[in-house]
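Input: a single structure, listed below in structure tokens.
The values are calculated or read from the model by the stated rules, or taken from the named source; none is laboratory data. It should be emphasised that the depicted structure is a prediction, and the values quoted were computed from it without experimental measurement. Counting neighbours? That spans all protein chains shown, and the Cβs are built from the backbone with ideal geometry, glycine included.
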């Protein structure tokens, strides 16, 4: 007798599905690493990108090792990952590397089926009640909410000046090639005028990139029911990790167990570089970012 497949995560009747979203260099990796230590949570790992098929026993062994081993040990270990190569291969490059944010209107039946199979297969292989995934860059929440109507979204926000400063130090940041070749598409007219009038400074461009993504997050949030969206500031996470992670786990439906408490206690969370942008940038560069980002920073509660 043929039995229908179980409901996919993030759909009615299926396991819980949670997405950690952020601009990149915003603290999302730290948060994802902490949440992945919860015994009820499954997650993709770097094995997904390196192997076309990860057998269920190996998948469970890898995630279990991450939960049990101290953070950072051993250096070459199985660890949580965005699995961009796996998503491009098993869903579509559209979801892993879009030139703009993905919206509900971009969902086709073919894409929806492949996305559900991607997450359902992994959750089933791990035998977990909750599955977590991380996206950086474009939020893609409109697309994801259309496919997974019960999925929950945790958006981690960081001071845009810190994000811009960090992007400038990353080898993968393509802003040095200008807006014609970077990852965020052509500049909206108002931002293009602002950048040209400011002398086309690359520090300024990094700040504008943050604004472009934050505009996309604002639009995405408006299209997702409030009960499914949680916004957390990275700086608040650093200041009081226990309180913020407690709020996040409760939102995701992950109970705070003694097992998770023990693993959480081993996670180093340091505020050491929270304000590194004030040391790494010149006063003139900081002034450019303050002028460009000031309104959005004040909206988010940052002094500007």
Check residue 40 against each of (1) under 30 Å from residue 239 (Cβ atoms); (2) out of contact with any strand residue (DSSP E or B) (no Cβ under 9 Å at 6 or more places or on another chain); (3) surrounded by fewer than 20 Cβ atoms within 10 Å (Cβ to Cβ) and name the one condition it does not meet. (2)
Could you check the stretch 52-99 and list, in sequence order, the residues that are loosely packed, with under 13 Cβ neighbours inside 10 Å and in a loop (DSSP other than H, G, I, E, B)? 52, 53, 55, 70, 72, 73, 74, 75, 76, 99
In this structure, is residue 114 outside any loop (DSSP other than H, G, I, E, B), closer than 18 Å to residue 144 by Cα and either modelled with pLDDT under 95 or more than 20 Å from the chain's Cα centre (by Cα) (or both)? yes
Hey, which of the helices (runs of 4 or more DSSP H) in the stretch 174-290, taking only ones fully inside, have at least 2 residues that are exposed (fewer than 14 other Cβ atoms within 10 Å of the Cβ)? 189-197, 202-222, 241-252, 258-265, 277-280
Where a residue in the stretch 10-33 is on the phi > 0 side of the Ramachandran plot and without any contact (Cβ under 8 Å) to a residue 60 or more places away in the chain and its partner, wherever it lies, is surrounded by fewer than 23 Cβ atoms within 10 Å (Cβ to Cβ) and part of a loop (DSSP other than H, G, I, E, B), with Cβ under 7 Å and at least six apart: 13/7
